[in-house]
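Okay, so here's the structure we're looking at.
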């Protein structure tokens, strides 16, 4: 009976279990990309920071024009800078989660062997 | 013996493992092992002893073993292998004989995997009752499990029915129950429900314990809700539903709006209120995303859950689970109560203008305005339509208005453009099932707060009594507020243990000052002895007293129809014969105090416009006296004096009240009269009564002739008279009755004087004298009251003031 249990467990471990581990790893990557709003920030990379924009006013006034264009450029650059920073952090977090995911999947594959191996090694060390 | 074989799928292995050792049992050992790993690792790093390394590896192996175990079980917990679909009537039949295990929920498979003989219903039920589900269900229903099972066995023995159900038949029925209950898999609740359907004895025992099949279903849903609450969101789930960083950076700042509005958030304990409004939330979502200028208005009475719907949408938007055009927008409620404190209309307009401009600049705001009809109805002092109009047409701001039915209809009637600016979503009162589920959900939250459990019968009682007695507020609001009061009252009374239905009854009794539950022993005495109690104040009028007493007993024991007033009587007879006194005596005997009588002199309601004084008027914005008084005291006696003088329109109102036990006020709110005794008095036909009595006509004949006369002279229509439970004819008083009343009145005077410290004494000759002087054919007992007041009470007052009597002395009365 325990062998039947073990056999069916192993069947699950390398089918549905492995699939679930893979899904978890993928979801973690998506989760980090969503948390750091990577796609959203890409889409609005050069939008003014919190819509802080200066009006050019009616008619042409050189001083006002240069004041507005400078202000708006700063707002967009500041926005782009901060967004880029968060995008980089987000991509880094996602990349780390990819590495962690790959490690996790590998660990998952070896876990059924690792557990008895650790157990036996532990016994050996304990009585060595 | 019939043992079923489960398919060779890991799902069923997981179910068997869970059956042997539930996952929750390994939570503590796993945490202990994790802590041990950290500790041993620390010690090993310091000492470097190889045995510690061995121990560390052993602990690590144990931890990983627990991890794999929990992953294996969690993979299947809360789900099944195949989702049920299709019409529930044919679900079971369409299922192939060997495919049913795939539709089992994990919890059902866990229970069924430990059963030897699946056709043995007793074994099946016992196994269900021993698990968490059975414990919760029967615990909440207030039924002792062992007792229930014993009774079930003995009933089967008595009737000779076999206590076995074909398991495949049972599963087919359970599949139908699952689809009916909206479950994707066959849960333990569905299997128990199927047992109840197939085993009539099971159902009979439940019904005997006042648990109807629908109660059983509602209580089972409660378990689902509790399970749902018990689930912890994993790190990944929280990460996915988090708004994260930077989503608002492309939108503007709104400092002024932020100060003058509040963010809409969902409190713990409100989850199911939101679930109950899933359809309306989707409708609101759809309305707001139709086009860039779309706004929506939720129309419904205060308390039906309009703000809950907005909260539900706000949560979806916040978690990014709504449609892309709405996701991550800020949902904020305008603090109109603060804004309206501005000193001038100009000030209010300026503030609102700044707020809306802020919201427009921000570009990601959904503004919620409560009672929006107050600000868009021409003619009202708070009308801000001109100011709101450009913002309602703006594509950079979305507005959700909350309005009442009548208020919004009035706004649209007077300003048709409003209808084109908002997508209307009507919100009705939730049905019984939704209300009970909301109450169960709220109860779980309140249980944690007040550290007490509540039983299902208490929840059911709240629903029943609130629907019957609280008519000025809708569900779920009234149910939730009563539920909170019940918990607070249980805590303040210091009672421990679970809150049962009687706690709810007591709360309602205190609230309404009347007996509500089953007829108790003291009340039984009152009801049995009602005639004598009334006769303590009312002399003679045997027929009247008997008819009233019979009607009240019928009502209180639940024999009479429930959707009518508690009792309704028309008292016909000359003045001063005890009609009003009977009403007072009844109010005292039945409701406990004479003050429970609400009296209306109907001669003051002779014009058609007087209807507004009774049930309120929209023009004058006044609440009706009748509506207010009956709502405040539903357990009372309503006395309509000289009812024949009221305008026919007003009589029509009472026609409806007498027929249906309820009326609607000018604002469309119900007024409930089903707990009110209505007594109408009239002097119509008094002369005829006197004449017929002189002719020695029997009582029954007098009544018949009097009614004929009343119909002939069109004082009342036959349908009006027929609506009363009884038409009681009061006969004029003779000298003998006047003498008896004199004794009663002197007794009352004696009581009052004793309260002041004086005694009172009189003899037979005084009573004879009063019977002589106080008798009047025209004024009846009123003449006697006048004589006692003028000749006795006034004289005593003068003597006391003159110092003739001192406290403690006896005042002796004699004929003057």
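The values are calculated or read from the model by the stated rules, or taken from the named source; none is laboratory data. In this text the structure is predicted, and so the values were computed from the model without any measurement. Neighbour counts run over all protein chains shown; Cβ positions are idealised from the backbone, glycine included.
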Matching residues in the range B:9-49 - criterion: being surrounded by fewer than 12 Cβ atoms within 10 Å (Cβ to Cβ) and within 11 Å of chain A (Cβ to nearest Cβ) | B:20
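Residues in the range B:198-210: is at least one in the same structural domain as residue B:100 (by TED's automatic domain parsing) and closer than 20 Å to residue B:4 by Cα?
Checked the range B:198-210: at least one residue is in the same structural domain as residue B:100 (by TED's automatic domain parsing) and closer than 20 Å to residue B:4 by Cα.
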Within the range B:221-238, can one find any residue that is buried (at least 19 other Cβ atoms within 10 Å of the Cβ), outside any loop (DSSP other than H, G, I, E, B) and within 14 Å of chain A (Cβ to nearest Cβ)?
-> no
Do we have residue B:638 as modelled with pLDDT of 90 or more, assigned to a helix (DSSP H, G or I) and over 25 Å from residue B:784 (Cβ atoms) here?
-> no
Just a yes or no: is a residue in the range B:693-711 modelled with pLDDT under 90, assigned to a loop (DSSP other than H, G, I, E, B) and touching a strand residue (DSSP E or B) at 6+ places or on another chain (Cβ under 7 Å)?
-> no
With B:66, B:72, B:6 as the choices, which residue is within 12 Å of another protein chain (Cβ to nearest Cβ) and part of a loop (DSSP other than H, G, I, E, B)?
-> B:6
Quick check, is residue A:32 surrounded by 14 or more Cβ atoms within 10 Å (Cβ to Cβ), within 10 Å of chain B (Cβ to nearest Cβ), under 14 Å from the mean Cα position of the chain (by Cα) and farther than 15 Å from residue B:235 by Cβ?
-> no
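Yes/no matrix, rows are residues, columns are (1) within 10 Å of chain B (Cβ to nearest Cβ); (2) without any contact (Cβ under 8 Å) to a residue 24 or more places away in the chain; (3) in contact with a strand residue (DSSP E or B) (Cβ under 9 Å, 6 or more places away or on another chain); (4) within 16 Å of residue B:361 (Cβ to Cβ):
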{"site": "A:51", "(1), (2), (3), (4)": "yes, yes, no, yes"}
{"site": "A:59", "(1), (2), (3), (4)": "no, yes, no, no"}
{"site": "A:62", "(1), (2), (3), (4)": "no, yes, no, no"}
{"site": "A:65", "(1), (2), (3), (4)": "no, yes, no, no"}
{"site": "A:73", "(1), (2), (3), (4)": "no, yes, no, no"}
{"site": "A:77", "(1), (2), (3), (4)": "no, yes, no, no"}
{"site": "A:80", "(1), (2), (3), (4)": "no, no, no, no"}
{"site": "A:84", "(1), (2), (3), (4)": "no, no, no, no"}
Does residue A:19 qualify as being exposed (fewer than 14 other Cβ atoms within 10 Å of the Cβ), within 22 Å of the chain's Cα centre (by Cα) and either more than 7 Å from chain B (Cβ to nearest Cβ) or closer than 30 Å to residue B:14 by Cα (or both)?
-> yes
Only one of these is more than 14 Å from every other protein chain (Cβ to nearest Cβ), at pLDDT below 85 and in a loop (DSSP other than H, G, I, E, B): B:268, B:184. Name it.
-> B:268
Can you spot a residue in the range A:107-117 that is more than 30 Å from residue B:69 (Cβ to Cβ) and either more than 8 Å from chain B (Cβ to nearest Cβ) or modelled with pLDDT of 95 or more (or both)?
-> no
Restricting attention to the range B:200-215, which residues are more than 14 Å from residue B:455 (Cβ to Cβ) and part of a helix (DSSP H, G or I)?
-> B:200, B:201, B:202, B:203, B:204, B:205, B:206, B:207, B:208, B:213, B:214
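Applying the selection to the range A:88-102, what residues are more than 10 Å from the chain's Cα centre (by Cα) and closer than 19 Å to residue A:43 by Cβ?
Answer for the range A:88-102, where residues must be more than 10 Å from the chain's Cα centre (by Cα) and closer than 19 Å to residue A:43 by Cβ: just A:88.
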Search the range B:466-494 for residues that are on the phi > 0 side of the Ramachandran plot and pair each with any residue that is assigned to a helix (DSSP H, G or I) and modelled with pLDDT under 90 when their beta-carbon atoms are under 8 Å apart and the residues are at least 6 apart or on different chains.
-> none
Please verify whether the range B:682-695 includes one or more residues that are loosely packed, with under 14 Cβ neighbours inside 10 Å, outside the structural domain of residue B:469 (by TED's automatic domain parsing) and in contact with a helix residue (DSSP H, G or I) (Cβ under 9 Å, 6 or more places away or on another chain).
-> no
Quick one: residue A:95 ticks every box in (1) modelled with pLDDT of 95 or more; (2) in contact with a helix residue (DSSP H, G or I) (Cβ under 6 Å, 6 or more places away or on another chain) except a single one, so which number is it?
-> (2)
For the range B:794-808, state whether one or more residues are surrounded by fewer than 19 Cβ atoms within 10 Å (Cβ to Cβ) and under 24 Å from residue B:583 (Cβ atoms).
-> no
The listed residue being within 30 Å of the chain's Cα centre (by Cα) and assigned to a helix (DSSP H, G or I), out of B:583, B:547, B:551 = B:551
Is it the case that some residue within the range B:554-574 is assigned to a helix (DSSP H, G or I), free of Cβ contacts under 8 Å to residues at least 60 places away in the same chain and crowded, with 18+ Cβ neighbours inside 10 Å?
-> yes
Could you tell me whether residue B:78 is in a helix (DSSP H, G or I), over 20 Å from residue A:10 (Cβ atoms), at pLDDT below 90 and more than 9 Å from chain A (Cβ to nearest Cβ)?
-> no
For the range B:275-298, indicate whether the set of residues that are assigned to a helix (DSSP H, G or I), without any contact (Cβ under 8 Å) to a residue 40 or more places away in the chain and within 30 Å of residue B:351 (Cα to Cα) is non-empty.
-> no
Taking the range B:465-505 on its own, how many of its residues are out of contact with any helix residue (DSSP H, G or I) (no Cβ under 7 Å at 6 or more places or on another chain), surrounded by 16 or more Cβ atoms within 10 Å (Cβ to Cβ) and part of a helix (DSSP H, G or I)?
-> 2
Check the range B:788-802 and report whether any residue there is at pLDDT 85 or above and not in a helix (DSSP H, G or I).
-> no
